[in-house]
């Protein structure tokens, strides 16, 4: 039962261009969404989040968009840098839970110089 | 910057043995979690812990698993009798409750290999 889906296992982008990572969810109770970045042999690192009352949140080169009606969110990285190469996880939880994150399977981003 | 630490980084054990994975959460955080990631699969929630008791646990967290906060700083996950399928990366995370919504901070993980 995949409540959070990342349908693209990998994405390759040229340095300086935009990276768009997508995530879909099925549980309409989710009201907080997060993106984590993970390098090999390290734990997930928090990147950016968005609450369901918003449709956009921006932090430097990273922007997350939320489309509640489509149950879809996306992470935009502009401009992409080689150091952004990592696995990106979409995660969600709902306020009535204890903050237990439900993760997608991840998308491996490769940014080529 | 404060961080979550985990020891050991890699644990190898024989099937049926007990293992204890250790975590030191960020000092002023109040919620603690264990997750695991089997190779090639997604990160899965195991258990959350607040106010010295389990808040919620997943169906993975059966009677073979237990958690403890033995002192003011450590948070441990014990697997009583390990199985081959317990081989995975185990991540500890902590969260500061200063509002309903805030992020969890993860440790670097312990790779558990059950032979």
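Here, each number is a calculation from the coordinates, and none is a lab measurement. Here the structure is a predicted model, which means the values were calculated and not measured. All Cβ positions, glycine included, derive from the backbone under ideal geometry; neighbour counts span all protein chains shown.
Listed values, structure above:
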{"item": "Fraction of the pair-distance distribution of the range A:45-86 above 15 Å, Cα-Cα pairs, percent", "result": "43 percent"}
{"item": "Peptide-level mean, for A:28-39, of C-beta atoms on other protein chains within 10 Å", "result": "2"}
{"item": "Among B:78, B:42, B:57: highest mean-square fluctuation, GNM of chain B, C-alpha pairs under 10 Å", "result": "B:42"}
{"item": "Percentage relative contact order, chain A, counting C-alpha pairs under 8 Å, at least six apart", "result": "37 percent"}
{"item": "Within 10 Å of each Cβ in B:56-65, the average number of Cβ atoms from other chains", "result": "1"}
{"item": "Reciprocal of mean inverse Cα separation for the range B:66-115 (Kirkwood radius, Å)", "result": "13.0 Å"}
{"item": "Listed residues B:94, B:27, B:48, most fluctuating in chain B (Gaussian network, C-alpha, under 10 Å)", "result": "B:27"}
{"item": "Cα centroid separation, the range A:45-77 to the range A:3-44 (Å)", "result": "10 Å"}
{"item": "Gaussian network model of chain A, springs between alpha carbon atoms under 10 Å - residue of A:98, A:81, A:14 with greatest fluctuation", "result": "A:98"}
{"item": "Within chain B, percent of DSSP bridges classed antiparallel, to nearest 5", "result": "90 percent"}
{"item": "For the protein assembly as shown, share of DSSP beta bridges that run antiparallel, in % to the nearest 5", "result": "90 percent"}
